[in-house]
Amino acid sequence: MSVVPAQARPSGITGGSAPAKAAAPAGEAGGADVPAPLAAGARLFPALVAVYRAQLSRARVARIPLLFVATFQSVGIMVLMRGVVDGGAEARSVVAGSSVLVVAFVALNLLAQYFGQLRASGGLDHYATLPVPPSAVVLGAAAAYASFTVPGTAVTAVVGSVLFQLPMAHLWILAAVIPLSGAALAGLGAALGLLAPRQELATLCGQLGMSAALLLGVLPAERMPEVVSYARDLLPSTYGVEALARSFDAQPDWLAVGADLGVCAGVAVVSLAAATWAYRRAAVR
Amino acid sequence: MVCTVRGLVKTYPAARARRGTPATPAVRASDGIDLDVARGEVFGLLGPNGAGKSTLVRQLTGLLRPDEGTVRVLGHDLVRHPERAARLLGYLGQDSTALDELTVALATETTARLRGLDARAARAERDAVMEELGLGELSGRALKKLSGGQRRLACVAAALVGERPLLVLDEPTTGMDPVARRAVWAAVDRRRAERGVTVLLVTHNVIEAETVLDRVAVMDRGRVIACDTPAGLKAMVADEVRVELVWRADPPLDAPGIAALRESADAVSGRRWTLRLAPDAARAAIATVTGGPAFAALDDFTLATPSLEDVYLALGGRAEGTQGLVKA
């Protein structure tokens, strides 16, 4: 009838016999009123690195096809827009917007979906029952997703610069734009994924956020109605787009670039803090 | 006592009907639970699906806040300080989503790191646990590429890595083959023998409960309806014999004595009847079904000494609930 009994039973376990035959190690609390010592928790940085490393390894299995999709989507948009815009400021914002769109796709959309799925399936229990600071889980995952965006964003920026004959001298600014806008959007994505009451809503929010980044980031701002341009100002990706667009100038206004990146950094701090709070809330229900 | 639970109550609120999902009434998933688990015990929670086992375990691990009652683990109040649970116990949940896309080795090592071990200790423990559970050949494969039992075994490895005085395992051996089950129970037993580790185990597998548990709490509808050693529980129904009848087609209720048997059956599941009878009555019942015209309709019958499933029925557990108790 069964495959378990007797044969699957190690000789030491004697069901029904007196328990606690093992000798108590010295120094262990046995009484109910003497609290046992707590095991050491994981510290923030090592835990963050462990989460980051684990998340990065997922890229090999799960993320690479999506990274291709993100890059092709942005390159495709630039090819389409080549027939619409004719160089100048509009071309810059198209290239900058398409590049940052890769960041929005991965960091905001995919991370929102990941956390939404993790929460819905009960996967958060795994982290919640480990002595790890909530910020380590959120920051590690956000950092990994921001890292996923690096190749796609760089490829898009270079292809765009070639397509629209923009100078590539200052593309090194991507080294600041990707981590800062990545952190801001990943924090937003994580918070959306963790706060959404249902998994489908997390996915929807991620998709909407990405659509907003697409429409408000890629389309030239001058052609938009006033109301829409306010929405554009509220979207954190906008400041990454602006910073990158300014760097295509022959003599970039570095102060303005710095200000844009400063806004990204500020939003990143706020959104990551919100995501950490959302994680705590989601972990203990 | 390693774990003391008093008056635990948890009610899931009623849900309004949404498109596609009907309304559900409020469920009292923990309905005044008292438990004491002693040090070094393998203590089991047995019951069918929906009995409230996982809800109870989630409150013991700080994942779910009870509405009322106290939970003390190793002297710590986990209702007031749920965050301490992670530093006291190792938990194996039912879901593996967090680890699914990692390789077995990385899942184990990362969990060890997050349990507070430094890089070197985490690698050493990873290798030791994987060796112990026979996971060596699978170490480079992603969890989601593995079969259900192999994936479960990898999750057990993650739960065992890093020393903890209490292990809470929610259906650890689901889907495993006998070799893997043996490895799991050997690993659990070794921790108990060497370090006095206490194990709290959720299972709906009756045979497993009878063979590996020191004590078992039988749960039904959010309550503990009995708590004793498996032998002690079975002694409650020791004067009875279990008779199982399986009919080829519709039972011949018009044959002499069969309708009366149907009346006294504890559980009727399609063409399978389960009866708990005194030995004399069991002999008479067997004579009835094998001697008369009913024999032609009989497909199979078994006589057995009672199992924990019979205890569950004798204690008034829902008859339909026994479908959730697995015997293999």
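Report the residue count in segment A:212-254 for those that are surrounded by fewer than 18 Cβ atoms within 10 Å (Cβ to Cβ) and closer than 17 Å to residue A:187 by Cα.
1
Could you check segment B:243-314 for helices (runs of 4 or more DSSP H) lying wholly inside it with 3 or more residues that are loosely packed, with under 14 Cβ neighbours inside 10 Å, without any contact (Cβ under 8 Å) to a residue 60 or more places away in the chain and not β-branched (Val, Ile, Thr)?
B:258-264, B:279-291
Looking only at segment B:159-172, filter to residues that are more than 8 Å from chain A (Cβ to nearest Cβ) and under 16 Å from residue B:129 (Cβ atoms); which one of those is surrounded by the most Cβ atoms within 10 Å (Cβ to Cβ)?
Only one residue fits best here, namely B:160.
Which of the residues belonging to segment B:1-56 are among the hydroxyl-bearing types (Ser, Thr, Tyr) and either part of a strand (DSSP E or B) or surrounded by fewer than 17 Cβ atoms within 10 Å (Cβ to Cβ) (or both)?
Scanning segment B:1-56 gives B:4, B:11, B:12, B:21, B:24, B:30.
Might you let me know whether segment B:194-208 holds any residue that is surrounded by fewer than 18 Cβ atoms within 10 Å (Cβ to Cβ) and more than 18 Å from residue B:266 (Cα to Cα)?
Looking through segment B:194-208, at least one residue is surrounded by fewer than 18 Cβ atoms within 10 Å (Cβ to Cβ) and more than 18 Å from residue B:266 (Cα to Cα).
When the residues of segment B:80-93 are filtered to those that are under 24 Å from the mean Cα position of the chain (by Cα) and more than 7 Å from chain A (Cβ to nearest Cβ), which remaining residue is nearest to residue B:135 (Cα to Cα)?
Taking the candidates together, the pick is B:92.
Residue B:146 - would you say it is assigned by TED's automatic domain parsing to the domain that holds residue B:46 and at pLDDT 95 or above?
In short, no.
Can you say whether residue B:235 is within 14 Å of chain A (Cβ to nearest Cβ), over 30 Å from residue B:293 (Cβ atoms), among the small types (Gly, Ala, Ser) and over 13 Å from the mean Cα position of the chain (by Cα), as far as the supplied structure shows?
Yes.
Please go through segment A:227-255 and give me each residue that is in a helix (DSSP H, G or I) and without any contact (Cβ under 8 Å) to a residue 12 or more places away in the chain, ordered by number.
Result: A:227, A:229, A:230, A:233, A:234, A:254, A:255.
Being assigned to a helix (DSSP H, G or I), at pLDDT below 95 and in contact with a His (Cβ under 7 Å, 6 or more places away or on another chain) is the requirement here; does residue B:84 meet it?
yes
Condition first: modelled with pLDDT under 85 and surrounded by 19 or more Cβ atoms within 10 Å (Cβ to Cβ). Can you find one or more residues in segment A:67-84 that meet it?
yes
Could you please give the count of residues in segment B:67-78 that are in contact with a Leu (Cβ under 9 Å, 6 or more places away or on another chain) and either surrounded by fewer than 24 Cβ atoms within 10 Å (Cβ to Cβ) or facing chain A (nearest Cβ under 7 Å) (or both)?
7
The values are calculated or read from the model by the stated rules, or taken from the named source; none is laboratory data. Since the model is a prediction, treat every value here as computed from it, not as a measurement. FYI the Cβ positions are ideal-geometry reconstructions off the backbone, even for glycines, and counts take in every protein chain you see.
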